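The values are calculated or read from the model by the stated rules, or taken from the named source; none is laboratory data. Remember, predicted model here, so these are calculated numbers, not experimental data. Because the Cβ atoms are built from the backbone with ideal geometry, glycine has one as well, and the counts that use them run over all protein chains shown. Please note that ligands, DNA and RNA were not included when accessible areas were found on the heavy atoms of the full protein model with its side chains. Shrake-Rupley method; radii C 1.70, N 1.55, O 1.52, S 1.80 Å.
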Amino acid sequence: MSTNIVLIDDHKLFREGIKRILEFEESFNVVAEASDGSEALAVIEDNQPDVVIMDINMPDVNGVEATKQLIEQHGDLKVIILSIHDDESYVTHALKSGALGYMLKEMDTEELVNAIKVVSKGGSYIHPKVTHRLINEYRRLSNVGGESQDAAFEYIEYRKPLHLLTRRECEVLQLMTDGRSNRGISEDLYISEKTVKNHVSNILQKMNVNDRTQAVVTAIKNGWVLVR
């Protein structure tokens with residue numbers, strides 16, 4: 001089945017670059033484009049896409065506000081926010097608006113393709129570089145039994161999940177927690193990106209989670225990784 005995609009970005013050259021990347025995926029079909037948030041509302045109404053890729057910084061109506069309005073009108077719409085900002089506050093606002101994905105514009109092709117595939121199935125996908133920052137913010141703001149999440153995590157004994165994952169998968173999971181991309185993990189472990197991708201898929205399957213973010217959060221809660 002094909003995934004119908006709408007691109008929303010006020011920079012035409014960037015939008016055309018993303019479109020060319022997506023055209024290499026046989027299952028992706030870019031059905032429409034728009035240059036700002038207000039225009040996006042009409043375009044999406046006319047085309048009913050599966051996934052919307054939305055720039056966060058746009059004139060008139062920005063990406064976060066446009067996403068909020070779109071979700072109110074089309075509750076099952078799946079939105080991926082594109083941004084140059086890796087600050088957790090931007091991610092938080094994007095996710096609160098209803099977006100399922102948050103990608104930095106420095107992403108590589110594989111990361112974008114993976115994000116679209118995950119989000120199109122109802123999962124969430126956050127750029128690996130942002131994941132670590134977001135989790136630290138989550139720990140800072142959350143409270144467990146009246147104590148800060150940071151303090152609560154100190155009581156969890158660090159133990160590798162060798163009952164569930166192989167030693168290599170444990171290493172990959174730790175690097176995922178550190179915010180490393182597949183390429184970064186391959187460089188750190190001196191293995192191919194394809195091998196890393198296979199390890200990540202095995203980790204998600206064994207942990208029974210849908211995406212990298214869920215895997216990292218679950219690993220932290222269980223004391224399977226070090227947050228450093």
Extreme residue, surrounded by the most Cβ atoms within 10 Å (Cβ to Cβ), among residues of segment 176-192 that are without any contact (Cβ under 8 Å) to a residue 24 or more places away in the chain and acidic (Asp, Glu): Asp188
Selection within segment 194-228 - of a type in the set (Lys, Arg) and under 18 Å from the mean Cα position of the chain (by Cα): Lys197, Arg212
Residue in segment 65-82 that is over 23 Å from Gly122 (Cα atoms), part of a loop (DSSP other than H, G, I, E, B), assigned by the TED database to the domain that holds Lys117 and open to solvent by 20 Å² or more (accessible area, probe 1.4 Å) present: no
Selection within segment 87-113 - open to solvent by less than 30 Å² (accessible area, probe 1.4 Å) and polar (S, T, N, Q): Ser97
Residues being assigned to a helix (DSSP H, G or I) and either out of contact with any helix residue (DSSP H, G or I) (no Cβ under 7 Å at 6 or more places or on another chain) or at positive phi (or both) - total across segment 196-228: 6
Subset tally (residues that are surrounded by 18 or more Cβ atoms within 10 Å (Cβ to Cβ) and part of a helix (DSSP H, G or I)) for segment 14-38: 4
Some residue of segment 46-57 being outside the structural domain of Lys197 (by the TED database), in contact (Cβ under 8 Å) with a residue 60 or more places away in the chain and open to solvent by less than 10 Å² (accessible area, probe 1.4 Å): yes
Candidate set: segment 120-159, residues that are over 30 Å from Asn4 (Cα atoms) and either of a type in the set (S, T, N, Q) or at pLDDT 75 or above (or both); chosen: the one surrounded by the most Cβ atoms within 10 Å (Cβ to Cβ): Gln149
Whichever residue in segment 95-119 is in a helix (DSSP H, G or I) and among the basic types (Lys, Arg) and, among such residues, is farthest from His74 (Cα to Cα): Lys117
